[in-house]
1. What percent does the relative contact order of region 69-219 come to when contacts are Cα pairs within less than 8 Å and at least six residues apart?
2. Dividing the convex hull volume of the alpha carbon atoms of region 66-156 by its residue count, what do you get in Å³ per residue?
3. For residue 155 and residue 393 in one chain, what is 0.36 nm times their gap in residues minus the Cα-Cα distance, to one decimal in nm?
4. Take the alpha carbon atoms of region 229-294, find their center, do the same for region 166-206, and report the distance between the two centers in whole angstrom.
5. Would you kindly give the portion of the calculated P(r) for region 69-219 that falls above 25 Å, as a percent of all Cα pairs?
6. For the pair residue 283/residue 88, report the inter-label distance in nm, with labels modelled 7 Å from Cα in the Cβ direction.
7. Evaluate the distance, in nm, between pseudo-label points positioned 7 Å from the Cα of residue 121 and of residue 191 along their respective Cα→Cβ axes.
8. Counting other C-beta atoms within 10 Å, which of 190, 82, 389, 266 has the fewest, and how do the rest follow?
């Protein structure tokens, strides 16, 4: 029987608050040998699982992403309050930016402050792919979330209090164009409502032409040296001693490469955590991800007894394998049971056993009411896929460039799209330079794979 772990939570959220949606059903003809393990997961999730974001003190980066300012490129507006969105003077806005630039964090800040708005009381509704299929789908979503009737719904729209949000238009990018077309239609039908979307820059300009003339495009600014240094100066002495702080500020001021590497909130805070805890100076984005994951999993292993059923390396290998399965299936969110069906016999039992561990430590989180999970940051999935490519000796000749610059892996493990960020991480991990340029030139020579940090 699985040991219960008491986790302190915010407010009145009970351990089964979201976990009830993750109960794994078992088909009669499914592998009977896995039935007992699946029942263990069901039992664990019902009784023990608390979504990481609801836990008191949960902070995988050491600092909240809210601790760093997020600016718009042109207006120099910090996205720290909903009122600043209203002052932009438009009600259809596309926030675009690089991977891990803070698009979702900006939306979360806007959501938080919008809910505090009193006059008018704005009602934010987060949409998913099913919701944008038809105008009636959005209407039913709003009515079910708010528990209101038809006349109340009509009044809400007439008072222009509805704010519709679609976060992550590019996830996965194979459906981005279709989603852009649907959102274009819905934005016309909900012309009086605020409508906010987020998308990666390249994918937006590649696939989202239907939105160009309907949404005001606002680019999330990359972190510059001034923002980074200000953050380090203002961190309390409880978090970092002054000598270490001075060394870190000096490092960033004297070496422009570190400011360039850490130009997004997620990557900067990972770097800061590594430097503060391990006194290490990772000199590439892939090394930052690698060191962060290694340190995070070791720390969790020391805190959580149940986490010790797998060593750190085994957890990393399973995280890489799950990233491969999700990407191959064109998913950034995946149903737990579907994930298990995708895995081979060798990994099935291990994945079933590791899911509760990953949900507990927060590297994988819940997302929705239909047993779906995802990495707590999309770039983690993309980085882990690059590691999986390297460990499985995937050579440059296995990558091809398609129309619109789409990158695809085509080889022994199948055929599926990969992101530019994954390809960039693969270049850093293997030491292969200018891989994308070489693919464009049809250079398919086999390179010797060599880990940079071996």
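Coordinate-derived values only; no laboratory data. All values reported here derive from a predicted model rather than from experimental measurement. Ideal geometry is used to build each Cβ from the backbone, glycine not excepted, and the neighbour counts take in all protein chains shown.
1. Relative contact order comes out at 34 percent.
2. That works out to 128 Å³ per residue.
3. Stretched out fully, the residue 155 to residue 393 stretch lengthens by 79.7 nm.
4. Centre-to-centre distance over Cα atoms comes out at 34 Å.
5. Details: 2784 of 11325 pairs.
Of all Cα-Cα pairs in region 69-219, 25 percent lie more than 25 Å apart.
6. 3.9 nm
7. It works out to 2.9 nm between the two label points.
8. Working: 190 18, 82 21, 389 27, 266 24.
The order, fewest Cβ neighbours first, is 190, 82, 266, 389.
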